Amino acid sequence: MIPSPHRPTRIRVDLEAISSNLRQIKNHLSTHPKVYAVVKANAYGHGAVAVAQFLKDQVDGFCVSNLDEALELRKAGILAPILLLGVICPEDVSLARENNCRITVASLAWLQEVLTHYPNLSGLVCHLKVDSGMGRIGMREAREVNQVMSLLEQSGAVVEGIFTHFATADEADKTQYNQQLSCFENLLHQLPYRPLVVHTSNSAASLWHQETAFTAVRLGLALYGLNPSNGNLSLPYPLSVALSLETKLVHVKQLHQNDTVGYGASYQATADEWIATLPIGYADGWLRALQGFQVLLDGQACPIVGRISMDQTTIRLPRAYPLGQQVTLIGKNGDSLITTEQVANYLGTINYEVLCLLSDRIPRYYVCHR
Ligand SMILES: *Cc1c(COP(=O)(O)O)cnc(C)c1O
């Protein structure tokens, strides 16, 4: 979907907030690890190219989930190290190498397949993925990791890093976290050598397990100022939210008692009511299930009434407001605030998902007051 800049619906991203979150988190880590900014999924909806361009001199590199996300950054002229966190297609390893991307090697079977296509892997920089209990990608046995390491070396590749991922770093109960940590440490001790970059911490581990940062951290959601725990744990120190979602009234009318609004006529006015239309809908990631939720206008909450359609949302105003009146869907408006978490709670999901769903149709604008 192409962006629609001729519509007053926009995402505003405060880049300085991202920088300040980065400084905050770094100051609280007990060691001085490298920091990789995770900018997968269009930097969690914030715009990967703009965020990476802004952060490139403040971080040691970037993590993305797949090769195309890395290529987007390379096309935009980002030269910093990029690590692909996911498993790429074996036949694309050469493309990754040409674009100077570090790849994740998560199994012997995958590497054997790669070697049938490319017996010579010289110039390829690899990070080994260990599954210490997440149960997703990664190797569980030291024997397999050792085999992978020697095969990579024989074929000319460089084993720069080794990493794992925690399943419960955002929970108060540390049992599984500690199990995963000792599993990973045990495995490290069984290797012929320790790769240069050892990394385990995502945002949650960086916030609530500051002591286990190893030599690098992978920061995603916390960089954007949000709490990765879905309300399980409160932030140990404040972060600044970078993103807001705004639009303007494009239509205002008075409806009378029994008039209906939207598909299915699911809302009926009970008296004379001011109903306004917003140019945003489920095609923007403003999901249909948000019917009954609210938006902010003139510092007040206004209910979403009637079904949200693909491109339009209808709200009830306390009185008449002019066309062009500013409306906030996520963020501050006057003294009021709607958080991504409130949207997520209403939808029965987490803040990550709400951000990632905000579609490319919404243009991103960047403010940087430095
Ligand atoms: C997405 C991801 C991260 C970043 O997670 P946050 O919770 O956003 O910090 C780190 N590591 C891996 C492997 C990931 O997939």
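Things worth noting here:
- Here the convex hull built on the C-alpha positions of the range 22-145 has a volume of 132 cubic angstrom per residue.
- At q = 0.21, 0.22 Å⁻¹, base-10 log of I(q)/I(0) for the range 76-183 (Debye sum, equal scatterers on each alpha carbon): -1.07, -1.14
- When peptides 38-45, 178-185 are ranked by their average number of other Cβ atoms within 10 Å per residue, the highest-first order is 38-45, 178-185.
- For the range 1-72, pairs of C-alpha atoms spaced more than 15 angstrom apart make up 60 percent of the total.
- Among 78-90, 228-240, the order from most to least packed when residues are scored by Cβ within 10 Å on average: 78-90, 228-240
- Paired Rg and Dmax values of the range 244-369, which use every Cα atom, in angstrom: 14.2, 49
- Near the amide H of GLY306, within less than 5 Å, lie the amide hydrogens of TYR267, all on another chain or at least 5 residues away, with H placed in the peptide plane.
- Structural size metrics of the range 122-166, computed from C-alpha coordinates, are Rg and Dmax of 10.9, 31 Å.
- Compactness of the range 170-222 was expressed as the Cα radius of gyration divided by 2.2 N^0.38 Å, which yields 1.18.
- Computed on the Cα trace of the chain, the radius of gyration divided by the Kirkwood hydrodynamic radius gives Rg/Rh = 1.05.
- Between TYR36, TYR352, TYR118, the residue with the greatest mean-square fluctuation in the GNM of the chain (Cα pairs under 10 Å linked by springs) is TYR118.
- In order along the range 46-61, the Karplus-derived 3J(HN,Hα) couplings, from 6.51 cos²θ - 1.76 cosθ + 1.60 at θ = phi - 60°, round to 8, x, 5, 5, 5, 5, 5, 4, 5, 8, 4, 8, 9, 10, 8, x Hz, and Gly and Pro are given as x.
- The chain: most fluctuating residue of GLY264, GLY334, GLY285 per GNM, C-alpha cutoff 10 Å: GLY264
- Phi-based couplings in Hz for the range 218-223 (Karplus 6.51, -1.76, 1.60; Gly and Pro marked x): 10, 9, x, 3, 5, 4
- J(HN,Hα) series, the range 143-149, from Karplus relation 6.51 cos²θ - 1.76 cosθ + 1.60, nearest Hz, glycine and proline x: 4, 5, 4, 4, 4, 4, 4
- Order by protection proxy (mean Cβ within 10 Å, highest first), peptides 152-164, 135-147: 152-164, 135-147
- Mean-position separation - Cα centroids, the range 156-170 and the range 243-291, in angstrom: 47 Å
- Radius of gyration (Cα atoms) of the range 295-350, expressed as a multiple of 2.2 N^0.38 Å: 1.17.
- Computed over the range 219-277, the P(r) tail beyond 14 angstrom holds 70 percent of alpha carbon pairs.
- Rounded to the nearest 20 debye, dipole of the chain from Cβ charges on Lys, Arg, Asp, Glu: 580 debye
- Estimated Rh, the range 135-234: Kirkwood, alpha-carbon pairs, angstrom: 14.7 Å
- With viscosity 1.002 mPa s and temperature 20 °C, the Kirkwood radius over alpha carbon pairs of the range 35-104 converts through Stokes-Einstein to a diffusion coefficient of 183 µm²/s.
- Charge-dipole axis of the chain as Lys and Arg at +1 and Asp and Glu at -1 on Cβ define it, positive-most pick from LEU111, ASN202, SER19: SER19
- Percent of alpha-carbon pairs separated by more than 19 Å within the range 93-154: 27 percent
- When the chain is treated as a Gaussian network with alpha carbon springs shorter than 10 Å, the biggest mean-square fluctuation among ARG316, ARG194, ARG102 belongs to ARG194.
- Estimated from helices alone, the mean residue ellipticity of the chain at 222 nm is -8000 deg cm²/dmol (sum of -39500 (n - 2.57) over DSSP H runs with n ≥ 4, per residue).
- Computed Rg/Rh of the range 204-302, alpha carbon atoms with Kirkwood Rh: 1.17
- The mean of 1/r over all distinct Cα pairs in the range 250-322, once inverted, gives the Kirkwood hydrodynamic radius of 12.1 Å.
FYI, it's all coordinate maths here, none of it is from the lab. Note that the structure is predicted; figures quoted are calculated from it, not measured. Here Cβ is always computed from backbone atoms with ideal geometry, including for glycine, and neighbour counts include all displayed protein chains.
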